[in-house]
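Encoded as structure tokens, the structure appears first; notes follow it.
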Amino acid sequence: MDLSSLIPIVAVVVGVPGFIAFVVLIIGHTHKMKELAIRDKELELARSDAALGPAVDALNEDLNDTRAQVAEIQDRLDFAERLLAAGSPLGKDKSGG
């Protein structure tokens, strides 16, 4: 029996599924590498976020202090406006003396 006629058939039967399996493995490996790259970026961002945490907290405290100061200034301005609207002079007592 001449086996040389079976070589192309065996090559197709073994080669096509082998090639498909190889392509699937390469795609899977590429997908895994992309996932690992994304995880590395997430870890890097988490580390940088941890380093920025105290700075962000300090800025939030400064912002809250500034808001409190602005609210106090607004209260003083409202008080001054009410005094001016009432028409009472600042240097005189209300008792008339």
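Against the conditions (1) at pLDDT below 90; (2) surrounded by 10 or more Cβ atoms within 10 Å (Cβ to Cβ); (3) of a type outside the set (Phe, Trp, Tyr), Asp2 satisfies every one except (2).
Considering segment 5-22, and only residues there that are of a type in the set (A, V, I, L, M, F, W, C) and exposed (fewer than 10 other Cβ atoms within 10 Å of the Cβ), the residue that is nearest to the chain's Cα centre (by Cα) turns out to be Ile9.
From the list Ala37, Ala86, Ala58, Ala80, the lone residue that is surrounded by fewer than 10 Cβ atoms within 10 Å (Cβ to Cβ) and either hydroxyl-bearing (Ser, Thr, Tyr) or free of Cβ contacts under 8 Å to residues at least 60 places away in the same chain (or both) is Ala86.
The values are calculated or read from the model by the stated rules, or taken from the named source; none is laboratory data. Remember, predicted model here, so these are calculated numbers, not experimental data. With ideal geometry, Cβ positions are generated from the backbone for all residues, glycine too; neighbour counts draw on all protein chains shown.
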